[in-house]
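**Student:** Below: one structure in structure tokens.
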Protein chains: 2
Amino acid sequence: MKAKITLKDIARELEVSISTVSKALKNSEEISRDTKEKVQAFAKLYNYKPNNIAISLKNKRTKNIGVVIPDIVHHFFTTVIRGIEKYANARGYNVIVCLSEESFDKEVINMEMLANGSIDGFIMSLSSETQQKGDYNHLKEVTAQGIPVVLFDRITHEVDCDKVIIDDELGAYQATKKFIDQGKKRIALITTENYLSVSEARTKGYRKALGETSMGIDESMILKMSSMEMDEASIKNFLNTKKPDAVLCVNEIFAVYSMRLVQEKGLRIPEDISFIGFTDGVLSRYANPSLTVVAQHGEKMGEESAKMLIDKVESEAEEETYQTKILEPTLVIRDSIVH
Amino acid sequence: MKAKITLKDIARELEVSISTVSKALKNSEEISRDTKEKVQAFAKLYNYKPNNIAISLKNKRTKNIGVVIPDIVHHFFTTVIRGIEKYANARGYNVIVCLSEESFDKEVINMEMLANGSIDGFIMSLSSETQQKGDYNHLKEVTAQGIPVVLFDRITHEVDCDKVIIDDELGAYQATKKFIDQGKKRIALITTENYLSVSEARTKGYRKALGETSMGIDESMILKMSSMEMDEASIKNFLNTKKPDAVLCVNEIFAVYSMRLVQEKGLRIPEDISFIGFTDGVLSRYANPSLTVVAQHGEKMGEESAKMLIDKVESEAEEETYQTKILEPTLVIRDSIVH
DNA sequence: AAATATAACGAAAACGGTTTCGTGTTGATA
DNA sequence: TATCAACACGAAACCGTTTTCGTTATATTT
């Protein structure tokens, strides 16, 4: 077990000072060719690599970014992480992932753990509990300390920081509009409670599209699920009583499950009833029929978030100017609607 | 923007030495009650938190663990990460996630980045390219440096370290046995090239189960896909010509896609043809019909890996004794087989 | 030959902690 | 009253770098 070699080791071995070694390895003009070659050869031979921690302490830069998300077993978040990872890695940053598991306390604890020097900045998406409580003091403290934060997808306007979202309202609007244009008359929405910023925006888009028609908005065609978990019975009941001819769902799972229910009833998709979901995940792609979705471009979102964060981290300027980047969703047409 | 406060700041403000502050905050017996109270009150007031980086440098312990996996957009890996995260967090560790994207080079680069002090140990699953090349020098170097490594799922026996795997052979054996017991006569396997250690083990289990019957093994009933990507045409052709009455697939996607193909042909699942896949992901759960799978217990695997790693990291003893933990897979019965 | 420039290197501070080893003061003991 | 513990604290080393600012020689200029 050959332990890592340090500058001090090289200095001792070559009988020069630590400073000389450090400079020699950086190809400093101060050092003679002879010495540089000697030092560099020795360093290469013993596979010297500078200690990241020491450099971090010196520079007050860790080259780590902290990502705090509610869950990782969701396709959307997973693609965002991938986007962050790719971009951050390309710029020499590592990604520390923390899971809040939709819990306010865990979110706070994770941030505190990381905020004490472990990271240069945060990229995060709020836990549902945090959005429910509306308590953003942990975020405010971190930003007050001068640690840059980028919020994505599940954001709040109460914190001054950079943000990346997709235009959820537009996505829902376009999807609903699609149904309307196809002559659908009983367009339902299956969503979650409004404390999730995204659900709220999607509901708004749905309302807007319907509000522009002569049909208007029928509140009873909106089903609000109380949690992210599936309440299968209430979906079943909703579909049976309201008999929609088109359903917009705020996620894949609601949509896929609903499709199955109506198929069991003998309805044909998309002729008798059409479906559009949110999130372009593996479920939509392999569902039967395949599900038309509003794609959120998670990977793009991750890249953008990472870019904004790292740019801010590396900018000397202490501008207190924050921007919100709004990505456009895309309707991915598949077999759950006529086309 | 109130920057973080340091020991030095407190010392200056309270007109004591840095050592006194440090000891006072640790409730050292050396320091008088008066001083301790004064220091602690001040620290609390200004929300002092020790700098992780400085502590890491001093202790040569980062409390970070590096996780290097091929991909994150796979349900299995995602659950493993969740398991690692939960366990590691509970023991005060953070998780740095790096993606090799199935590339040998990226795997090497990622490890090198982290091995220079950023982490206390590695948890990893090999990229397919690494398994193909059979080049494990990057792993050997890291272990030679005394950095503990835990390999999970996609492992190699060429590196001496702790390992966590599920008994893939057993899983495939049990699944195949299930088909046999149900009287299936034409049992097919859809797998990938053998360089993936898991595919190899699964194929072995399939062979073993069939070898124990009078049917024996029909090599033509095994379809080897050349990559992880779907080659839809070859699956279609395979199913049409071989006409199996049961299919074991080494992942969810092959299975779900195959089910759709045979349904289009008018076959009934599970009566005419049954399916079992690997990986208990969201796809299996919401497929129509729902897919019976060999569950790999990713979360458990993650926990075990994290436990093994952290135990090793924190053990003073320099034992060079490594263990391999084998988890038992479970057959999750759903509607794609008769039951 | 004296003054000055330059090349090549080292000492030391700094980053923010922890920890060992003094050291000065007080009170108790001989 | 001299001696010795105990107490409460500080100085300094250390972790591994980077970087500034000397400090020597040697070479160049006048």
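The values are calculated or read from the model by the stated rules, or taken from the named source; none is laboratory data. Keep in mind that what you see is a predicted model, and the values were worked out from it rather than measured. With ideal geometry, Cβ positions are generated from the backbone for all residues, glycine too; neighbour counts draw on all protein chains shown.
**Student:** I'm checking my understanding of the structure. Among residues of the range A:266-300 that are among the aliphatic types (A, V, I, L, M) and at pLDDT below 95, which one is farthest from A:Phe76 (Cα to Cα)? Walk me through it before giving the result.
**Tutor:** Start the filter on the range A:266-300 by keeping residues that are among the aliphatic types (A, V, I, L, M), which leaves A:267, A:269, A:273, A:276, A:282-283, A:287, A:291, A:293-295.
Next, from what is left, pick out any that are at pLDDT below 95: A:282-283, A:287.
Details: A:Val282: 10, A:Leu283: 12, A:Ala287: 17 Å.
Here the residue is A:Ala287.
**Student:** Please verify whether B:Leu45 is within 27 Å of A:Gly146 (Cα to Cα), at pLDDT 95 or above, within 43 Å of the chain's Cα centre (by Cα) and more than 14 Å from chain A (Cβ to nearest Cβ), treating the condition exactly as stated. Write out each step before concluding.
**Tutor:** Details: within 27 Å of A:Gly146 (Cα to Cα): yes; at pLDDT 95 or above: yes; within 43 Å of the chain's Cα centre (by Cα): yes; more than 14 Å from chain A (Cβ to nearest Cβ): yes.
Taking the combined requirement at face value, the residue satisfies it.
**Student:** Those residues that are within 12 Å of DNA strand C (Cβ to nearest atom) and surrounded by 15 or more Cβ atoms within 10 Å (Cβ to Cβ), I need them from the range A:41-58; list them, please. Break it down into steps so the answer makes sense when it comes.
**Tutor:** Step one: of the range A:41-58, the residues within 12 Å of DNA strand C (Cβ to nearest atom) are A:51, A:53-58.
Selection gives A:Asn51, A:Ile53, A:Ala54, A:Ile55, A:Ser56, A:Leu57.
**Student:** Only one of (1) over 30 Å from B:Leu14 (Cβ atoms); (2) charged (D, E, K, R); (3) more than 7 Å from chain A (Cβ to nearest Cβ) fails for B:Glu85. Which number is that?
**Tutor:** (3)
**Student:** Could you please let me know if B:Ile119 is more than 8 Å from every other protein chain (Cβ to nearest Cβ), crowded, with 16+ Cβ neighbours inside 10 Å, within 17 Å of the chain's Cα centre (by Cα) and away from DNA strand C (no atom under 16 Å from the Cβ)?
**Tutor:** On the way: more than 8 Å from every other protein chain (Cβ to nearest Cβ): yes; crowded, with 16+ Cβ neighbours inside 10 Å: yes; within 17 Å of the chain's Cα centre (by Cα): no; away from DNA strand C (no atom under 16 Å from the Cβ): yes.
It is false that B:Ile119 is more than 8 Å from every other protein chain (Cβ to nearest Cβ), crowded, with 16+ Cβ neighbours inside 10 Å, within 17 Å of the chain's Cα centre (by Cα) and away from DNA strand C (no atom under 16 Å from the Cβ).
Yes/no per residue for (1) on the phi > 0 side of the Ramachandran plot; (2) out of contact with any strand residue (DSSP E or B) (no Cβ under 7 Å at 6 or more places or on another chain); (3) modelled with pLDDT under 90:
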| position | (1), (2), (3) |
| --- | --- |
| A:Glu193 | no, no, yes |
| A:Leu196 | no, yes, yes |
| A:Ser199 | no, no, no |
| A:Gly211 | no, yes, no |
| A:Ile222 | no, no, no |
| A:Met228 | no, no, yes |
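**Student:** A:Asn52 fails exactly one of the following numbered conditions: (1) closer than 30 Å to A:Lys300 by Cα; (2) away from DNA strand D (no atom under 16 Å from the Cβ). What is the number of that condition?
**Tutor:** (2)
**Student:** Return the residues of the range B:230-273 that are charged (D, E, K, R), out of contact with any strand residue (DSSP E or B) (no Cβ under 8 Å at 6 or more places or on another chain) and in a helix (DSSP H, G or I); say none if nothing qualifies. Before you say what the answer is, go through the steps one by one.
**Tutor:** Of all residues in the range B:230-273, those charged (D, E, K, R) come to B:231-232, B:236, B:242-243, B:245, B:252, B:260, B:264-265, B:268, B:271-272.
After this cut, where a residue has to be out of contact with any strand residue (DSSP E or B) (no Cβ under 8 Å at 6 or more places or on another chain) as well, the list is B:232, B:236, B:243, B:260, B:264-265, B:268, B:271-272.
Correct list: B:Glu232, B:Lys236, B:Arg260, B:Glu264.
Yes/no per residue for (1) at pLDDT 95 or above; (2) hydroxyl-bearing (Ser, Thr, Tyr); (3) farther than 16 Å from B:Lys60 by Cβ:
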site	(1), (2), (3)
A:Asp9	yes, no, no
A:Val16	yes, no, yes
A:Leu25	yes, no, yes
A:Glu29	no, no, yes
A:Lys38	yes, no, yes
A:Lys49	yes, no, no
A:Asn59	yes, no, yes
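**Student:** Determine which member of the set B:Asp311, B:Asp280 is surrounded by fewer than 18 Cβ atoms within 10 Å (Cβ to Cβ) and either outside any loop (DSSP other than H, G, I, E, B) or at negative phi (or both). Steps first, please.
**Tutor:** Details: B:Asp280 fails: surrounded by fewer than 18 Cβ atoms within 10 Å (Cβ to Cβ).
Step by step, each of B:Asp311, B:Asp280 is checked, and only B:Asp311 is surrounded by fewer than 18 Cβ atoms within 10 Å (Cβ to Cβ) and either outside any loop (DSSP other than H, G, I, E, B) or at negative phi (or both).
**Student:** So, of the residues in the range B:7-28 that are surrounded by fewer than 16 Cβ atoms within 10 Å (Cβ to Cβ) and near DNA strand C (Cβ under 10 Å from one of its atoms), which turns out to be farthest from A:Val149 (Cα to Cα)?
**Tutor:** B:Ser28
**Student:** Next question. Among all residue pairs at least 6 apart or on different chains, which show Cβ distances below 6 Å where the first residue, located in the range A:1-20, is closer than 25 Å to B:Leu139 by Cα and the second is assigned to a loop (DSSP other than H, G, I, E, B)?
**Tutor:** If the second residue must be assigned to a loop (DSSP other than H, G, I, E, B), the pairs left are A:Met1/B:Gly146; A:Ile5/A:Tyr46; A:Ile5/A:Tyr48.
**Student:** Conditions: (1) of a type in the set (Val, Ile, Thr); (2) more than 25 Å from A:Phe278 (Cα to Cα); (3) within 12 Å of chain B (Cβ to nearest Cβ). A:Thr78 meets all but one. Number of the miss?
**Tutor:** Every listed condition holds for A:Thr78 apart from (2).
**Student:** Given the condition surrounded by fewer than 22 Cβ atoms within 10 Å (Cβ to Cβ) and hydroxyl-bearing (Ser, Thr, Tyr), answer yes or no: does some residue in the range A:59-82 qualify?
**Tutor:** No, the range A:59-82 contains no residue that is surrounded by fewer than 22 Cβ atoms within 10 Å (Cβ to Cβ) and hydroxyl-bearing (Ser, Thr, Tyr).
**Student:** Among the numbered criteria (1) within 24 Å of A:Val256 (Cα to Cα); (2) within 27 Å of the chain's Cα centre (by Cα); (3) within 13 Å of another protein chain (Cβ to nearest Cβ), which one does B:Glu299 miss?
**Tutor:** B:Glu299 satisfies all of (1) within 24 Å of A:Val256 (Cα to Cα); (2) within 27 Å of the chain's Cα centre (by Cα); (3) within 13 Å of another protein chain (Cβ to nearest Cβ) except (1).
**Student:** From A:Ile72, A:Ile109, grab the single residue that is within 12 Å of another protein chain (Cβ to nearest Cβ), free of Cβ contacts under 8 Å to residues at least 60 places away in the same chain, touching a Ser or Thr at 6+ places or on another chain (Cβ under 8 Å) and away from DNA strand C (no atom under 16 Å from the Cβ). It would help to see each step written out before you state the result.
**Tutor:** Details: A:Ile109 fails: touching a Ser or Thr at 6+ places or on another chain (Cβ under 8 Å).
Within the list A:Ile72, A:Ile109, the selection yields A:Ile72.
**Student:** Looking at the range A:57-69 only, could you name the residues that are touching a helix residue (DSSP H, G or I) at 6+ places or on another chain (Cβ under 7 Å) and touching a residue at least 12 places away in the same chain (Cβ under 8 Å)?
**Tutor:** At the first step, the residues of the range A:57-69 found to be touching a helix residue (DSSP H, G or I) at 6+ places or on another chain (Cβ under 7 Å) are A:57, A:62, A:65-69.
Passing the criteria: A:Thr62, A:Ile65, A:Gly66, A:Val67, A:Val68, A:Ile69.
**Student:** Within the range B:243-261, how many residues are out of contact with any helix residue (DSSP H, G or I) (no Cβ under 6 Å at 6 or more places or on another chain) and over 27 Å from B:Phe77 (Cβ atoms)?
**Tutor:** Residues that pass the stated criteria total 3.
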